[in-house]
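*Asks:* Next up is a structure, given as C-alpha cells.
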Amino acid sequence: MPIYYTPKEANEALTVIRPMVKEMMEISERIRARQPEFWSVVQKSAGNGGNPALSKLLPDFDRLDDLLHKMQDLGIEVKDLIIGLIDFTALHDGREVYLCWKFNEGSIQFWHEIEAGFSGRQLIDWE
C-alpha cells in the first residue's frame, strides 16, 4: 500500500530526505565521472575473476542502492539524481498525485499529475 504525504508532512520529511538526496547526487556524480574507466574495467574483468579497480567502485554502488531502498521504504520516488528530483505520493481531490521537489528548492511547493511529470508541475494550493 502506498504511503501518502500531505504537503506539510512532505516538507517535514525534507529534514531527513535532503541529506540523503545530497549524498545520492554526490555518489551519482562520482560514478558518472568515472564511467569511461568503469566500463573498460568491467569489460576487462568479465570472465577473469574480478578486478581491483572495479572493487573500488563497488562501495559507491552499494551505498547508492542502500539509499535508494531507504527512499522507497519511505514511499518516495527518486526521479533524477543529476538535479536531485524526487516525488512524494499524495492524494488530491480523491486521486493519486505527486508532490514534486528538486534539491535546490527550499521547500515542496509543487505537485503534478502522475502522468504529467516535471513539466506539468503546479503550485500547491491545498493542504
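The values are calculated or read from the model by the stated rules, or taken from the named source; none is laboratory data. These numbers were taken from a predicted model, which means no experiment stands behind them. Cβ sites come from the backbone with ideal geometry, for glycine too, and all protein chains shown count toward neighbours.
*Asks:* Under the condition of being outside any helix (DSSP H, G or I) and under 13 Å from Y98 (Cα atoms), which residue from region 1-19 is modelled with the lowest pLDDT? Working first, answer last.
*Replies:* Within region 1-19, the first condition is being outside any helix (DSSP H, G or I), and the residues that meet it are 1-6.
Now narrow it down to the ones that are under 13 Å from Y98 (Cα atoms): 2-6.
Numbers: P2: 87, I3: 95, Y4: 97, Y5: 98, T6: 97.
Looking at the filtered set, the residue picked out is P2.
*Asks:* Being touching a residue at least 24 places away in the same chain (Cβ under 8 Å) and assigned to a loop (DSSP other than H, G, I, E, B) is the filter; apply it to region 110-127 and report the residue that is surrounded by the fewest Cβ atoms within 10 Å (Cβ to Cβ).
*Replies:* E127
*Asks:* Would region 78-90 turn up any residue that is over 15 Å from the mean Cα position of the chain (by Cα), more than 15 Å from L14 (Cβ to Cβ) and in contact (Cβ under 8 Å) with a residue 60 or more places away in the chain?
*Replies:* Residues of region 78-90 over 15 Å from the mean Cα position of the chain (by Cα): 90.
If we keep only those that are more than 15 Å from L14 (Cβ to Cβ) too, we end up with none.
Within region 78-90 (the criterion being over 15 Å from the mean Cα position of the chain (by Cα), more than 15 Å from L14 (Cβ to Cβ) and in contact (Cβ under 8 Å) with a residue 60 or more places away in the chain), the answer is no, since none of the residues qualifies.
*Asks:* Let me ask something additional. Looking only at region 69-109, count how many residues are assigned to a loop (DSSP other than H, G, I, E, B), closer than 12 Å to I124 by Cβ and touching a strand residue (DSSP E or B) at 6+ places or on another chain (Cβ under 7 Å).
*Replies:* 2
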